[in-house]
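Every read-out reported here was derived from the displayed coordinates using simple, explicitly stated rules and does not represent laboratory data. Since the structure is predicted, the reported quantities are computational estimates derived from the model, not experimental observations. Positions of Cβ are backbone-derived with ideal geometry, glycine not excepted, and every protein chain shown enters the neighbour counts.
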Amino acid sequence: MLKQRMWLAVALVVTGIGAQATTPDTQITAAQTHTKAAQLASQRVLPKWSQKGAIAPATTIDGTPPTLTQFRAGKQLTVGNGLNQLLIQVSATDDLVGLNSVQARLVGPSGETTYLWNSSTLPAPTQWSGALVWQPDVGVESGVWRVDWLLVVDYNGNMTTYDETQLAKLGNTRITVTGPDGDRQGPQLLAGRIMSPSLSLTRTVPGSDGDAQFVRVDLDAQDLGVAGLREASVQLCIVGDRDCYYNMYLRGEASGERGSGAATLVIANQLPWRQLAGTYEIREVSLLDQAGNQTFLTSRAYGGNTDFTTLFPTTTLKVKP
């Protein structure tokens with residue numbers, strides 16, 4: 001009985017199997033176990049465990065790399081449009097241990113590279129189909145991108161590399177990207193509303209622990225290009241202060257998907273407790289899109305060309321002591 005327990009303890013360490021106790025096929029000593037393990041290692045064979053937990057006849061280690069059977073990349077990607085993603089469909093097979101992962105490299109018009117990756121689930125399948133998803137940032141370069149390299153790896157680390165010429169025999173490798181760097185149109189202000197026409201420096205937000213009131217302006221805007229709205233700002237000055245020495249500056253970011261077109265931007269800041277009391281009017285509205293195009297609208301009263309009374313029901317707000 002003692003010899004049997006010693007064999008189990010050593011065998012579990014050698015094979016890497018952790019918790020299940022099994023009955024050996026034959027009774028051998030600890031020294032014989034070490035000798036047997038050395039023989040297995042020298043012969044490059046792997047013990048295979050049956051469903052009942054007993055050691056089955058050894059199987060030769062898989063040394064054959066997997067094979068790519070299908071490949072197809074999408075042809076067009078417009079950045080800033082909806083989900084802003086492109087799929088590369090891939091299928092591969094492996095003869096024994098199963099597929100581990102697929103990796104691909106994309107090269108842009110100026111040589112910029114990006115890498116995509118996907119992996120299979122366990123237990124590893126010997127036949128696998130899936131997609132590599134490319135969802136680039138809005139700053140991606142426009143032009144033709146190429147899939148110039150793809151790697152298929154199985155769970156034993158065997159791998160096969162495919163270059164662009166080999167991939168082109170299976171499917172499309174070139175992707176035409178229309179990105180925001182080709183977007184030269186700035187956003188447009190459609191309308192606006194001052195949502196806090198009257199504020200007080202001594203009043204606080206109801207239910208808060210003494211928080212100051214909020215200055216809020218809503219802007220209806222749209223991006224005329226493909227990138228989508230990013231942020232907006234509003235500057236208000238005390239009426240008659242042409243130098244705008246006493247002013248309020250509000251800034252807010254757009255929410256929602258890139259390239260969503262028209263949207264309402266909520267611009268809100270807390271009223272500073274040292275803000276000068278008085279009547280403030282809109283001096284300037286600024287809109288910025290995801291491509292970096294910016295639109296500035298300045299009131300005629302401050303040397304600009306915009307009549308904000310045609311865009312806002314009221315262009316002033318009052319701050320009381």
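What nm value, rounded to one decimal, do you get for the distance between Arg274 and Asp137 when each label is placed 7 Å out toward the C-beta?
Each label point lies 7 Å from its Cα, and together they span 3.6 nm.
I want to check the label-to-label distance for Arg72 and Arg184. Put each point 7 Å from Cα in the C-beta direction and report it in nm to one decimal.
Result: 3.7 nm between the two label points.
Just order 292-298, 271-277 by mean Cβ neighbour count inside 10 Å, highest at the front, would you?
Details: 292-298: 16.6, 271-277: 13.0.
So the order, starting with the most tightly packed, is 292-298, 271-277.
Taking the range 67-182 as the region of interest, what is the percent of Cα-Cα pairs per 10 angstrom bin, listed from the shortest bin to the one with the maximum distance?
Binned Cα distances yield the sequence 14, 45, 28, 11, 1.
Taking a ≥ b ≥ c as the square roots of the Cα gyration tensor eigenvalues, with a/c under 1.5 meaning rounded and otherwise prolate when a/b beats b/c, else oblate, which class fits the range 187-320? Before the final figure, lay out each step's value.
Values: a/c = 2.30, a/b = 1.38, b/c = 1.67.
In terms of gyration-tensor shape, oblate.
Grab the Cα-Cα distance for Arg242 and Leu224, subtract it from 0.36 nm times how many residues apart they are, and report the gain in nm with one decimal.
Numbers: separation 18, 0.36 × 18 = 6.48 nm, distance 3.19 nm.
My answer for the length gained is 3.3 nm.
Can you tell me the FRET efficiency between Ser208 and Thr60 if r is taken as the Cβ-Cβ distance and R0 is 56 Å, rounded to the nearest 0.05? Walk me through the numbers before you get to the answer.
Working: r = 72 Å, r/R0 = 1.29.
FRET efficiency, Ser208 to Thr60: 0.20.
What is the antiparallel percent of DSSP beta bridges lying wholly in the range 67-182, to the nearest 5? Write down the numbers at each step before the final one.
Values: 38 of 41 bridges.
Taking every DSSP beta bridge within the range 67-182, about 95 percent pair in antiparallel fashion.
Obtain the nm distance between the two label points defined at Ala168 and Tyr115 by a simple spin-label model: each point lies 7 Å from its Cα along the Cα-to-C-beta direction.
Rounded to a tenth, the inter-label distance reads 2.5 nm.
As I understand it, the dipole of the range 164-321 uses +1 on the Cβ of Lys and Arg and -1 on the Cβ of Asp and Glu, about the Cα centre. Which of Met248, Ala268, Thr204 lies farthest toward its positive end?
Thr204
May I ask you to sort Glu164, Glu281 by Cβ crowding, counting other Cβ atoms within 10 Å and putting the fewest first?
Details: Glu164 15, Glu281 19.
With the fewest neighbours first, Glu164, Glu281 line up as Glu164, Glu281.
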